[in-house]
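S.K.: Right, I'll just put the structure down here and ask away after.
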Protein chains: 2
Amino acid sequence: MAIFLRAAALSALLPASMASAEPQTVSWDIVAGLTTEIGPRLAGSPAEARARDWAAARLRKLGFSNVAIEPFTVRSYVRGEDRARLTAPYEQPLAITALGYSGTTPDKGIEAELVYFPTMDALRAAPAGSLAGKIAFIDHAMKANQDGSGYGPFGAARRQGPALAAQKGAIGTVIRSVGTDSHRVPHTGVTTFPEGVTAIPAGAVSNPDADLIARVAKQGKPMRLSLMLTGRTTENLPSGNVVADLVGRDPSLPPILVACHLDSWDIGTGAIDDGAGCAIVTDAALRAQRDGKALRTIRVLWAGSEEIGVFGGAAYAEKHGSEPHALAMESDFGAGRIWKVEMKLGAQNKPMAERISATLAAMGIVTGRDMAGGGADVGAIIAKQKLAVIDLAQDGTDYFNLHHTADDTLDKVDPALLEQNVEAWTQVLSIVANEPGPIAAE
Amino acid sequence: MAIFLRAAALSALLPASMASAEPQTVSWDIVAGLTTEIGPRLAGSPAEARARDWAAARLRKLGFSNVAIEPFTVRSYVRGEDRARLTAPYEQPLAITALGYSGTTPDKGIEAELVYFPTMDALRAAPAGSLAGKIAFIDHAMKANQDGSGYGPFGAARRQGPALAAQKGAIGTVIRSVGTDSHRVPHTGVTTFPEGVTAIPAGAVSNPDADLIARVAKQGKPMRLSLMLTGRTTENLPSGNVVADLVGRDPSLPPILVACHLDSWDIGTGAIDDGAGCAIVTDAALRAQRDGKALRTIRVLWAGSEEIGVFGGAAYAEKHGSEPHALAMESDFGAGRIWKVEMKLGAQNKPMAERISATLAAMGIVTGRDMAGGGADVGAIIAKQKLAVIDLAQDGTDYFNLHHTADDTLDKVDPALLEQNVEAWTQVLSIVANEPGPIAAE
Ligand SMILES: [Zn+2]
Ligand SMILES: [Zn+2]
Ligand SMILES: [Zn+2]
Ligand SMILES: [Zn+2]
């Protein structure tokens, strides 16, 4: 009885977050460590530099060899103050975030008529010059899908919308966040102004704020917006990759490359994007040699500056493009359940592919019929070396509730799903890193 | 075929928010109107004044008589800049909101050691003077309950925590939001500094930020916090109630009083707290006479300045305390499903109570065994006149995900649940407003 009373008394003193034990895994340690001890780590920032040091120290401690920080410089966006409010027909503060590479407003902001476009197509149809002196608002209707397929088409509002509006004379652009949540946490991400198009201030408002603008637009009354986005695009900022090896029994065989990205957007803490990815690939690499060293070297790449233009992936391909690689994989879609595997493997690797399918099928993971593409950070090395690729597709139904928002925090990582990811990756790495024969895409 | 093609083409041009038809009800109109055309309406602010004018015009348009704005003045809190960040052992920005009546930091903020208390009890146990020059952090473990019962006990961290810390020497207090969500949207609300206790800066961080602080505290490294809360408590700000009647067939009978509050916290738009309440009681009052006038007058009270100290309820009781009332009800717990009715009715009203129970039971609403209490805004008139009371209890499982946050927006109101509320209220008002005999609490 006494022991029950003591447990009750203790738990009354402990908040929920501390009363529950944290998982004792390498993967949890990494994602908890990055989000707790580093937090936001924007490409080119001092925090990203701290993250590189943290990563190198952690990888050494975990037993990796050849741990290296490989520096490069980037053009990045340094956030300032982000504010917006409707000033007509109603006074309403809006939750806004600047997009990466947004143009800069004066410190006091700008104020102008706000023109509502329900879709990118509607903006495309606007006559040349019709937005002169105005701010464009671009709406869309992105919905959550398991495979994340809404992000490509609806993300155009973010990637190309501001430039398109600028070309029609707009002095600013605001978009509905490219996200599927209903919280006042707008989604950032880069926008692109092509050569010859002057960058205009560009931001995203949260979905509830976009709903408000849509309702007001429906009333047909002229809208005005006050917009202050004082961040600046800045050249030559320091960034870098962290690369480390688990050297195989036969170091002469081309290594298996597994990647994630270390940088995160500055408004969240990079838990699901992409602390979880680094956690998954690193823990799985270690577990793949729990019964002794694997035959092949497994190399982990924690890439820098992915978010603002995949600079780390390009730097890796440049530096390591002449070293042979066997196969590349990346984890950069959160920490949801792995539900599908896609492979890009040549005919001679069919027996290995069948073993992978069978092993994953036992975990409820289906083999898809599409060609594996790899992730952003391994894209350049895959293209350069025409590498074999395996994709472990994660369930992304909730991903765009959190992606690139302030809500990307550790509590969003489910330890059980993280563990499912690590185990699926471990199964795949155990097979491919012990394959003695050639591994090739064709 | 043509018509299908056109519909498809049109819907491709329309975002989701505009493609779905809005409900055509008085209740939806009110909550959509208040959140869209007014938005945040803090007690004592110009927005609250606009809301009173909006309310009076809307109630007149809806056919109410004796529509009156009844002014009073209040001591309220005018928000400034709210910022906080951990500066040691890790640099981490935090999502914070000042509590109402917080003390004011210098414009550049304060920086000090942050001392972690897992519970209010732990803070109570801290020795006198032990917080001199420090900032207290108060954690807790509030969970979501259908009846909202966590808010009372765990809300003590917000209501009394800052004053308690101040009495032990603290120069600032930060609490875990009194809320049950996991978003970077901290929950505000008033805190109280008793006579003789100097107000210190006091804010709430979001749950993910509180989780972070708890994790760092667990590591045992000293923490430091930079805190900037520049808002100010301000005296003699204009506020007021809006009162309106649906005059009954027998105006000599004491009226039924139904209340909500018009003011909202400034960081959200007051959709569930308490635009929905005003929508529900007003629509139900109108529907209760859809088959002809009710016997008794139904009076609606859209109270001002509830959030900062229930000033509207006190002003109503002062101004109308000598007029007889039959019964009071209030809706101020969101827009969740009504699941229970509680009554405070005398023995002579037993037949009426049984009819109410039977009618609501047909809607799946249970009759509870507790004494009805009424809401905050009718508390003073109930106490003064010992009024009969009926409470229609709403499901509050999700309420403290949104309450007093930026996320209190229109999209959180489910039209079907709002309609269920209005129908339950209509049933009850149809019975009580047509009761010819005396209605009394005892
Ligand atoms: Zn990513
Ligand atoms: Zn990303
Ligand atoms: Zn309320
Ligand atoms: Zn409230």
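S.K.: Amide H neighbours of B:PHE72 under 5 Å, at least 5 residues apart or on other chains, H built in the peptide plane: list them.
M.R.: B:SER239, B:GLY240, B:ASN241
S.K.: Let me ask something else. How charged is the neighbourhood of A:GLY240? Take every other residue with its Cβ under 14 Å from the Cβ of A:GLY240, and add Lys/Arg as +1 and Asp/Glu as -1.
M.R.: Numbers: positive: A:ARG41, A:ARG50, A:ARG52, A:LYS319; negative: A:GLU48, A:ASP53, A:GLU70, A:ASP263, A:GLU306, A:GLU318, A:ASP377.
Charge balance near A:GLY240 sits at -3.
S.K.: Something else now. Rounded to the nearest 10 degrees, what's the angle between the helix B:311-320 long axis and the longest principal axis of chain B, both from Cα atoms, 0 to 90?
M.R.: Approximately 40 degrees, to the nearest 10.
S.K.: Let me ask something additional. Using the Cα centre of the range B:80-230 as the reference point, and only Cβ charges (+1 on K/R, -1 on D/E), how large is the resulting charge dipole? Debye, rounded to the nearest 20.
M.R.: Approximately 300 debye in magnitude.
S.K.: Over all directions, the average projected area of the alpha-carbon convex hull for the range B:235-313 comes to how many nm²? Please list the in-between numbers first.
M.R.: Values: hull surface 23.6 nm².
Its Cα hull, projected and averaged over all orientations, spans 5.9 nm².
S.K.: Okay, next question. Set Lys and Arg Cβ to +1 and Asp and Glu Cβ to -1, take the dipole of the range B:80-230 about its Cα centre, and tell me which of B:GLY80, B:ILE135, B:THR105 lies farthest positive.
M.R.: My answer, from the dipole projection, is B:ILE135.
S.K.: Now, a different point. Give me the net charge for the shell around B:ALA126: Cβ to Cβ below 12 angstrom, other residues only, Lys and Arg +1, Asp and Glu -1.
M.R.: Working: positive: B:ARG124, B:LYS134, B:LYS168; negative: B:ASP121.
After counting each charged neighbour, the total is +2.
S.K.: According to the Cα gyration tensor, what semi-axes, each the square root of 5 times an eigenvalue, does the equivalent ellipsoid of the range B:80-230 have, listed from largest to smallest in whole Å? Can you show the working numbers first?
M.R.: On the way: eigenvalues 79, 64, 49 Å².
Semi-axes, largest first: 20, 18, 16 Å.
S.K.: Then there is this: Place the label 7 angstrom along Cα→C-beta at B:PRO23 and in each other copy, then list the distances from the first to the rest in nm, shortest first.
M.R.: The projected label point of B:PRO23 is separated from its counterparts by 4.0 nm.
S.K.: If you find the alpha carbon centre of the range A:353-405 and of the range A:284-330, how far apart are they in angstrom?
M.R.: 15 Å
S.K.: May I pose another question? Return the calculated 222 nm mean residue ellipticity for chain B, to the nearest 500 deg cm²/dmol, obtained by summing -39500 (n - 2.57) across DSSP H runs with n ≥ 4 and dividing by the residue count.
M.R.: Calculated at 222 nm, the ellipticity per residue is -9000 deg cm²/dmol.
S.K.: With Cβ to Cβ distances under 15 Å as the rule, what net charge do the other residues near A:TYR77 carry (K, R +1; D, E -1)?
M.R.: Details: positive: A:ARG41, A:ARG75, A:ARG79, A:ARG158, A:ARG159, A:ARG232; negative: A:GLU48, A:GLU81, A:ASP82, A:GLU235, A:ASP263, A:ASP266, A:GLU306, A:GLU307.
Taking every other residue near A:TYR77 into account, the sum is -2.
S.K.: If you don't mind, there's one more thing I want to ask. Once the label point is placed 7 Å from Cα along Cβ, list for A:GLU423 the distances to the corresponding points in the other copies, in nm, shortest first.
M.R.: Reported distances to equivalent positions: 4.6 nm.
S.K.: Note the angle between two axes, namely the Cα long axis of helix A:350-361 and the longest principal axis of the Cα atoms of chain A, as a number of degrees from 0 to 90, rounded to the nearest 10.
M.R.: Long axis of A:350-361 versus the principal axis of chain A: about 70 degrees.
S.K.: Enumerate the calculated ³J(HN,Hα) couplings along the range B:212-227 in order (Karplus 6.51 cos²θ - 1.76 cosθ + 1.60, θ = phi - 60°), each rounded to whole Hz, writing x wherever the residue is Gly or Pro.
M.R.: Karplus values, whole Hz, x for Gly and Pro: 4, 4, 5, 5, 5, 4, 5, 5, x, 7, x, 10, 10, 10, 9, 10.
S.K.: Taking Cα centroids, how far is the range B:22-52 from the range A:92-111 in Å?
M.R.: So the two Cα centres are separated by 26 Å.
S.K.: Please report the antiparallel percentage of DSSP beta bridges with both residues in chain A, rounded to the nearest 5.
M.R.: Numbers: 39 of 66 bridges.
The antiparallel proportion sits near 60 percent.
S.K.: Each residue of the range B:280-291 in turn: what ³J(HN,Hα) in whole Hz from Karplus with 6.51, -1.76, 1.60 and θ = phi - 60°, glycine and Pro shown as x?
M.R.: 5, 5, 6, 5, 5, 4, 5, 5, 5, 10, 6, 9
S.K.: Based on Cα coordinates alone, diagonalise the gyration tensor for the range A:288-418, multiply each eigenvalue by 5, take square roots, and list the semi-axes in whole Å, largest first.
M.R.: 24, 22, 15
S.K.: With a Förster radius of 45 Å, plug the Cβ-Cβ distance of B:LYS143 and A:THR198 into 1/(1 + (r/R0)^6) and report the FRET value to the nearest 0.05.
M.R.: Values: r = 52 Å, r/R0 = 1.16.
About 0.30, to the nearest 0.05.
S.K.: Provide a whole-number value for the mean count of partner chain Cβ atoms within 10 Å of the Cβ atoms in peptide B:210-222. The partial results should precede the final answer.
M.R.: Details: counts 2, 9, 8, 2, 5, 9, 2, 3, 4, 2, 0, 1, 0.
Counting other chains' Cβ atoms within 10 Å and averaging over B:210-222 gives 4.
S.K.: Still on this structure, please answer the following. Taking each residue of A:138-149 in turn, how many C-beta atoms of other protein chains fall within 10 Å of its C-beta, and what is the average? Each step should come with its number before you reach the end.
M.R.: Numbers: counts 1, 5, 2, 9, 2, 1, 0, 0, 0, 0, 0, 0.
Taking all residues of A:138-149 together, the mean is 2.
S.K.: Which one of B:PRO208, B:THR188, B:GLN92 has its Cα pushed farthest toward the positive end of the charge dipole of chain B, where Lys and Arg give +1 and Asp and Glu give -1 at the Cβ?
M.R.: B:GLN92
S.K.: Check A:VAL178: other-chain or 5+ apart residues with amide H under 5 Å from its amide H, H built from backbone geometry?
M.R.: Residues meeting the criterion, in which the H sits 1.01 Å from N, are A:HIS187.
S.K.: For the protein assembly as shown, what is the percent of antiparallel DSSP beta bridges, rounded to the nearest 5?
M.R.: Numbers: 78 of 132 bridges.
Taking every DSSP beta bridge with both residues in the protein assembly as shown, the antiparallel ones total about 60 percent.
S.K.: On to the next question. Work out the mean other chain Cβ neighbour count within 10 Å for the residues of A:87-97 and drop it here as an integer. Don't skip to the end; give the middle numbers.
M.R.: Working: counts 0, 0, 2, 6, 7, 8, 6, 1, 5, 0, 0.
Across the residues of A:87-97, the mean count of other-chain Cβ atoms within 10 Å is 3.
S.K.: Then there is this: Calculate one ³J(HN,Hα) per residue across the range A:85-90 by plugging θ = phi - 60° into the Karplus curve 6.51 cos²θ - 1.76 cosθ + 1.60, and present them in order as whole Hz with x for glycine and proline.
M.R.: Once θ is set to phi - 60°, the couplings for the range A:85-90 become 8, 5, 10, 8, x, 10 Hz.
S.K.: Using every alpha carbon pair in chain A, what percent of pairs falls into each 20 Å bin from 0 up to the bin containing the largest distance?
M.R.: 25, 51, 22, 2
S.K.: Right, here's the next one. Which of B:GLY172, B:GLY373, B:GLY321 moves the most in a Gaussian network model of chain B with Cα springs under 10 Å?
M.R.: Residue with maximal mean-square fluctuation among B:GLY172, B:GLY373, B:GLY321: B:GLY321.
S.K.: Here is a follow-up. List, shortest first and in nm to one decimal, how far the label point of A:ARG232 (7 Å from Cα along Cα→Cβ) is from its counterparts in the other copies.
M.R.: Inter-copy label distances (nm, one decimal, shortest first): 3.2.
S.K.: Give me the angle, in degrees from 0 to 90, between the Cα long axis of helix A:2-13 and the longest principal axis of the Cα atoms of chain A, rounded to the nearest 10.
M.R.: For helix A:2-13, the angle is close to 40 degrees.
S.K.: Point me to the residue of chain A whose C-beta lies closest to the A-onto-B rotation axis, rounding the distance to whole angstrom.
M.R.: Axis-proximal residue of A, distance in whole Å: A:HIS183, 2.
S.K.: Once amide H atoms are placed 1.01 Å from N in the peptide plane, what residues at a sequence separation of 5 or more from A:VAL341, or on another chain, have their amide H within under 5 Å of its amide H?
M.R.: A:VAL366, A:THR367, A:GLY368, A:ALA393
S.K.: Right, here's the next one. Beta carbons within 10 angstrom, averaged per residue: use that to sort the peptides A:338-348, A:384-394, highest first.
M.R.: Numbers: A:338-348: 18.5, A:384-394: 21.6.
Result, highest mean Cβ count within 10 Å first: A:384-394, A:338-348.
S.K.: Still on this structure, please answer the following. Sticking to Cα atoms, compute the Rg of the protein assembly as shown to one decimal and its Dmax as the biggest Cα-Cα distance, whole number, in Å.
M.R.: Over the protein assembly as shown's Cα set, Rg and Dmax evaluate to 29.8, 100 Å.
Read the figures in this text as sums done on the coordinates, not as results from a lab. Bear in mind that the values here come from a model prediction, so they are computed numbers and not experimental data. Counting neighbours? That spans all protein chains shown, and the Cβs are built from the backbone with ideal geometry, glycine included.
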